[in-house]
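The values are calculated or read from the model by the stated rules, or taken from the named source; none is laboratory data. Quantities reported herein were computed from a predicted structural model and do not represent experimental measurements. Cβ placement follows ideal geometry from the backbone for every residue including glycine, while neighbour counts extend to all protein chains displayed. We work out accessible area using only protein heavy atoms, side chains counted, and drop any ligands, DNA or RNA first. Shrake-Rupley method; radii C 1.70, N 1.55, O 1.52, S 1.80 Å.
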Amino acid sequence: MLARVISEEEKDCFNSFITNHPKGHILQTWEWGELKKRSGWQPIRMIVEDQGSIYAAISLLKRQLPAGAGCLFYAPRGPVLDIHESLAWDTLWQGCRDLAAKHKAIFCKIDPDVADDDVLWQQRIKASGFFATDNGEGFEGVQPRYVFRLDISLDEETLLANFHQKTRYNLRLAERKGVTVVPAVPQTELPVFYQLLQETAKRDNFLIRPFAYYQDFYELLVPQGLAEMFLVYYQDKAIAGSLAFKLGDKAWYIYGASANEYRNVMPNYLMQWRMIQWAKQHGCTMYDFRGVPGDVDEDHPLYGLVKFKRGFGGDYIKFIGEYDIIYRPVVYKIYNTFEPLYQKWVRKLIHAKKRILKRG
């Protein structure tokens, strides 16, 4: 077996492997790497092949560090391979070590799409020199540690029957009130979605990316069939919206927004149901509601989010989390000393901006 970096001419083969693999994830696609490229990351795609067949793939995002300190590698929801293919696994990480030496990488971070009860994955990761780095607290990692996932291979009648009674009531209420959900919204309506997102961010006290990011998101993913935008209308006014991922037989709810007005007509319940229906129509069998802050109790400030997503009857999934493998131990120690200080400074700036937004 051979590990090698691929060129853009092999994009379709790379994407085909990611799309059709059980561990394939939208964040490992070629297009996601191109999106991250516009915000300062350099994507590097590597495959492990034997006699023309691909056995493993990984999309590494490279971030250059200041002062000539080198760089870091990050494989969001990667790598993608069958964990039972031990030779492919070993070949992949030898290839990454060679890349690290070439690029002067300090470490490589992974957070594969693997549940934390998968013993073989954990054993193989640790045996290869990786160690866990996150604290398992929901939203604290780069990617969510906890999600709700729904098997949507069932017929719609059965899916509805499995929803919580209150969830069914709220989506029916939205229908009775005349709420409508429009899929496949053209890019010209992206400012409408962004305005709703700004309203949501101000109400719920969080920061969002600049509008240009969502333009790039749409341009790179939607025409390729990897994402879709939805808007929700009530009395001819957009009151909610969302962006969703789609890859093969998987779909993910990724960004959501809603207006302060008309929340009593329950637009988000109907929006999620229409997105599930959309995913089913496109051959998906899994729908991911994305992150929740763990299995929290009613006193937690985000319990409402957990309750909302749980109401659709999905399975609560805890991932194995983030793992690092170190290539340059001394520099890694220095990085881990100063990076938390930098993050603390960034958080102070964020909190200051939140207070300004709140006073707004």
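Glu49 passes every criterion in (1) in a helix (DSSP H, G or I); (2) under 30 Å from Thr285 (Cβ atoms); (3) not hydroxyl-bearing (Ser, Thr, Tyr) apart from (1).
Condition first: within 17 Å of the chain's Cα centre (by Cα) and part of a strand (DSSP E or B). Can you find one or more residues in segment 16-32 that meet it? No, segment 16-32 has no match at all.
Apart from one condition, Gly321 fits all of (1) closer than 23 Å to Pro76 by Cβ; (2) at pLDDT 90 or above; (3) open to solvent by less than 60 Å² (accessible area, probe 1.4 Å); (4) not in a loop (DSSP other than H, G, I, E, B); the exception is (4). When each of Lys104, Lys23 is tested for being at pLDDT 95 or above, at positive phi, out of contact with any helix residue (DSSP H, G or I) (no Cβ under 7 Å at 6 or more places or on another chain) and not β-branched (Val, Ile, Thr), the lone residue that passes is Lys104.
Of all residues in segment 22-45, exactly one satisfies the criterion of being out of contact with any Asp or Glu (no Cβ under 7 Å at 6 or more places or on another chain), open to solvent by 30 Å² or more (accessible area, probe 1.4 Å) and within 14 Å of Pro79 (Cβ to Cβ), namely Pro22. Among residues that are open to solvent by less than 70 Å² (accessible area, probe 1.4 Å) and modelled with pLDDT of 95 or more, Thr133 is not included. Screening Thr158, Thr133, Thr180 for residues that are touching a Gly at 6+ places or on another chain (Cβ under 9 Å) and hydroxyl-bearing (Ser, Thr, Tyr) leaves exactly one candidate, Thr133.
Where helices (runs of 4 or more DSSP H) fall entirely within segment 56-170, those with at least 3 residues that are within 18 Å of Arg328 (Cα to Cα) and of a type in the set (A, V, I, L, M) are at 86-103.
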